[in-house]
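Visitor: Have a look at the structure that comes next, please.
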Amino acid sequence: MPEQYEAKRRTILASATNLVEIDLLRQWPPMLSLPDSLQTHYRILVSASAHRPQASLYAFNMQDPIPAFSLPLRDTDVEPIVNLQGLLADIYDQSGYDLVIDYREDPVPPLSQKDAQWLATWFQQQGLR
């Protein structure tokens, strides 16, 4: 599957199509490799066809809110700001995931000691553990 995605990604990057790649997965290697000095849990890549080969990279960690980003459209259109953090929070609240997810289970893959401590404190503040 990664090979299929990579091929599709190369096709999109060689076209006039805009690309927004949102990587919120920790279990697999990230699609976008970063220098060792910039390793993060998650990343969002926004590649507007009109600005290639330049792109915007939003790299962030578990402790950080998901950064908002401009959604590239046609040159004549106003680019809306995507507030993914707000959207996911609304979906979480409206769907009752807090009633379904067992937060006593350890995350997969395991967290570093620093991240596990941060998460335990966050769960306690949220009243989830």
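Visitor: Note the full-extension length gain between Val20 and Leu57 as 0.36 nm times their separation in residues minus their Cα-Cα distance, in nm to one decimal.
Guide: Full extension from Val20 to Leu57 adds 12.3 nm.
Visitor: What residues of the stretch 19-60 lie in the reach of a label at Ile91, counting those whose backbone N is under 18 Å from a point 7 Å from the Cα along Cα→Cβ?
Guide: Label zone hits: 20-27, 42-45.
Visitor: With N set to the number of residues, divide the alpha-carbon radius of gyration of the stretch 1-87 by 2.2 N^0.38 Å and report two decimals.
Guide: 1.13
Visitor: Can you sort Glu79, Glu3 by 1.4 Å-probe accessible area, starting with the largest?
Guide: Glu3, Glu79
Visitor: Once you place label points 7 Å from the Cα toward the Cβ at Glu3 and Gln124, how far apart are they in nm?
Guide: 4.9 nm
Visitor: Filter the chain for me: DSSP H helices, axial length by Cα at least 15 angstrom, mean Kyte-Doolittle hydropathy not below 1.0. List them by residue number.
Guide: none
The values are calculated or read from the model by the stated rules, or taken from the named source; none is laboratory data. Nothing here was measured: the structure is a model prediction, and the numbers come from that model. Glycine gets a Cβ as well: all are built from the backbone with ideal geometry, and neighbour counts include every protein chain shown. Quick note on the areas: whole protein, heavy atoms, side chains included, nothing else; ligands and nucleic acids left out. Shrake-Rupley method; radii C 1.70, N 1.55, O 1.52, S 1.80 Å.
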